[in-house]
């Protein structure tokens with residue numbers, strides 16, 4: 001199996017946008033519309049570089065964050081800026097300078113129109129960011145049991161935590177890959193969890209709780225379902241050969257803002273940002289290594 005060493009983020013702002021030439025943004029106040037954004041940050045364990053991606057990552061990229069607007073009915077000139085992102089590329093084209101992406105657009109009826117009349121449901125971009133996470137995690141397999149360990153050394157609470165272990169059935173690569181996983185609702189700063197469960201022999205998983213939580217965090221049900229539809233196979237069943245591990249969790253909006261600054265002019269009445277971190281290559285330990293590791297925490 002390929003070793004992934006990247007972090008991925010996908011942003012989703014709901015709305016409609018039309019690219020134009022020069023736009024006068026003066027005298028813009030707060031407008032009664034919303035911006036929604038979701039992002040999936042993907043990185044390898046012990047790797048500080050993070051990618052913002054909309055597809056399964058192999059390199060360190062910020063790829064395809066998606067931006068929509070809600071409730072902008074009449075045509076409105078809008079400026080969208082994304083900061084602190086390197087080696088960025090965008091669709092539609094944007095001005096990119098000094099690690100900053102800038103779109104100048106017109107929004108009408110929550111649809112994005114390009115200057116030649118082309119329509120887009122969203123804006124998206126790719127690039128690179130730095131994100132040194134402080135999460136400790138490992139997985140230990142002993143006989144027919146698997147133990148999932150995770151400790152939150154960040155200074156904020158993480159939620160919607162999933163630890164996933166995939167492995168070939170009967171330990172032969174010619175047989176289907178199956179998986180075992182656990183969900184943890186949240187871990188406060190300094191919190192840890194150590195959960196042992198029996199290894200399964202199928203590929204079933206249940207993420208209705210994640211869908212519900214994403215909606216509670218402010219996404220529409222359609223947005224939350226689109227996020228899950230795009231990522232669930234890569235999270236839970238990315239390969240049919242060899243072992244794989246995943247750690248998934250949601251970060252607070254304030255942390256999202258620190259990683260990728262977003263500015264929208266005119267200022268919307270509400271901005272909702274939901275970021276999900278995905279860490280690959282969680283260490284798989286034997287019993288002796290696990291005991292030694294725990295004793296040093």
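The values are calculated or read from the model by the stated rules, or taken from the named source; none is laboratory data. Given the structure is predicted, the values throughout are model-derived calculations rather than measurements. Cβ sites come from the backbone with ideal geometry, for glycine too, and all protein chains shown count toward neighbours.
Things worth noting here:
- Sole exception among (1) surrounded by 18 or more Cβ atoms within 10 Å (Cβ to Cβ); (2) at negative phi; (3) under 19 Å from the mean Cα position of the chain (by Cα); (4) not in a loop (DSSP other than H, G, I, E, B) for residue 160, by number: (2)
- Count - residues of the range 202-225 that are touching a helix residue (DSSP H, G or I) at 6+ places or on another chain (Cβ under 6 Å) and under 16 Å from residue 169 (Cβ atoms): 1
- Selection count, the range 228-264, where residues are in contact (Cβ under 8 Å) with a residue 60 or more places away in the chain and either under 18 Å from residue 37 (Cα atoms) or under 15 Å from the mean Cα position of the chain (by Cα) (or both): 21
- Scanning the range 202-214 for residues that are surrounded by 12 or more Cβ atoms within 10 Å (Cβ to Cβ) and either more than 27 Å from the chain's Cα centre (by Cα) or at pLDDT 95 or above (or both) turns up 205, 207, 209, 210, 211, 212, 213, 214.
- Any hit, the range 112-131, residues being more than 22 Å from residue 275 (Cβ to Cβ), more than 18 Å from the chain's Cα centre (by Cα), modelled with pLDDT of 90 or more and assigned to a loop (DSSP other than H, G, I, E, B): no
- Listed by position, the strands (runs of 3 or more DSSP E) contained in the range 7-97 that have at least 2 residues being out of contact with any helix residue (DSSP H, G or I) (no Cβ under 7 Å at 6 or more places or on another chain), buried (at least 24 other Cβ atoms within 10 Å of the Cβ) and modelled with pLDDT of 80 or more are 30-44, 62-70, 76-83.
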